[in-house]
Amino acid sequence: MAKQRSNPEHLRILASGVREWNAWRSANPNEKPDLRGENFIKRDLCGIDLHDADLYRATFWKATLDGADLRNADLSSTNMNGASLVNADLRAANLRFGRLVAVDLTGARLSECYVYGCSVWNLRGHPNEQRNIVITPKSKPEITVDQVEVAQFIYLLLNNESVRHVIDTITSKVVLILGRFTPERKVVLDAIRDELRNRDYLPVLFDFEKPTNRDITETVSTLAHMARFIIADITDAKSIPQELMKVVPSLPSVPVRPILLASEHEWGMFRDLVRYPWVLEPFLYTDQDHLLGSLSSLVICPAEEKAKEQIGR
């Protein structure tokens, strides 16, 4: 494809420097810059005024555009990989089919820009503003999101049946298993996992022997949101009470089936959890053989019935 020609006069002015360019823009407010297909690799363009500019297929690889005014600019099909856009203003810019890999967007303003077909990976920094980002093509009704990094995922979710099928499969098959990884408890948890596999579930086993912290709590919450139901071995519970108190109140669609060695006791505040209708009474098992022999009828089936009940509410 032949390179589209930009305006030679605009290129000449820009070659004089950002200060001269911005002065020219101020003196000629009605003239829209035409810089299509130009090469700005590694250029220092801090503070440049490129609002309303035509920058189609331009290359800004590793360029510095900190504080740049890119409002309403046509940045479609541009290569901005590795560029710095710290505090840049990209409101209502056209980023369709552009490449934004490893771009620093610290403090950038992205509201109402257009990102259909844009490749967004490994962004650095946190934008200051990103509301009403349009993820659909020009020919379709506008759908907007408020975070550029989720734009591709949301579009795929809405328009790709295979992606929806994967998500539906995950949420109908995943069972989160919580428990302690002491030697005697892990044997039981591994046995539960193996039996769930035999029943065509996707067991996810979480190790609570490690020290609890915010990252662990957030991970448990993320996994719980993906689960069909949770099996929680509350025998000799340590960190599990904290995690269940975090997860249970916000997830009425995910039943919790506690299991407890019959010779042990619930922790003191456990009754506060059972008041939620989606938390079942603990199944008391005498040993591993008793648990596995009852797993289908007294652990999985009640959890499945409760899941159907909560989803149907």
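The values are calculated or read from the model by the stated rules, or taken from the named source; none is laboratory data. Note that the coordinates shown come from a computational prediction; the quantities given were computed from them, not determined experimentally. Note that we place each Cβ from the backbone using ideal geometry, even for glycine, and neighbour counts take in every protein chain shown. Side chains included, ligands, DNA and RNA excluded: accessible areas come from the protein's heavy atoms. Shrake-Rupley method; radii C 1.70, N 1.55, O 1.52, S 1.80 Å.
For this structure, a couple of remarks:
- Spatially proximal lysines relative to residue 173 (Cα-Cα < 19 Å; intrachain offsets below 8 disregarded): 306, 308
- Calculated P(r) tail over 21 Å for the range 75-206, as whole % of Cα pairs: 54
- Cα gyration tensor shape for the range 236-313, rounded if a/c is under 1.5, else prolate or oblate: oblate
- Once C-alpha pairs closer than 8 Å and six or more residues apart are averaged by separation and normalised to the residue number of the range 1-89, the relative contact order reads 23 percent.
- DSSP assigns beta bridges within the chain; of those with both partners inside it, close to 5 percent run antiparallel.
- Counting only lysines at least 8 places from residue 238 when in the same chain, those with an alpha carbon closer than 21 Å to its own are 186, 210, 246.
- When the Cα positions of 107, 87, 59 are compared along the charge dipole of the range 11-115, 59 comes out farthest toward the positive end, with charges on each C-beta of Lys, Arg, Asp and Glu.
- Computed on the range 86-133, with alpha-carbon pairs under 8 angstrom and 6+ residues apart, the relative contact order is 42 percent.
- Check: the range 44-105 dipole with +1 on Lys, Arg Cβ and -1 on Asp, Glu Cβ, in debye: 320
- Close amide H contacts of residue 38 (hydrogens built in the peptide plane, cut-off under 5 Å, sequence separation of 5 or more or a different chain): 58, 59.
- Note on residue 138: aspartates and glutamates with a C-alpha under 19 Å away, same-chain residues under 8 apart excluded, are 52, 54, 74, 112, 146.
- Classified by the C-alpha gyration tensor, the range 6-58 has an oblate form. Its axis ratio a/c, with a ≥ b ≥ c, is 1.5 or above, and a/b does not exceed b/c.
- Placed amide H near residue 181: partners under 5 Å, 5+ positions off or other chain: 208, 209
- Accessible area per residue for the chain, computed on protein heavy atoms with a 1.4 Å probe, is 51 Å².
- For residue 235, the residues whose amide H sits under 5 Å from its own are 261, ignoring neighbours fewer than 5 places away on the same chain, with H placed 1.01 Å from N.
- log₁₀ of I(q)/I(0) at q = 0.09, 0.12 Å⁻¹ - the chain, Debye sum with one point per alpha carbon: -0.64, -0.82
- Order by protection proxy (mean Cβ within 10 Å, highest first), peptides 98-104, 35-41, 52-58: 52-58, 98-104, 35-41
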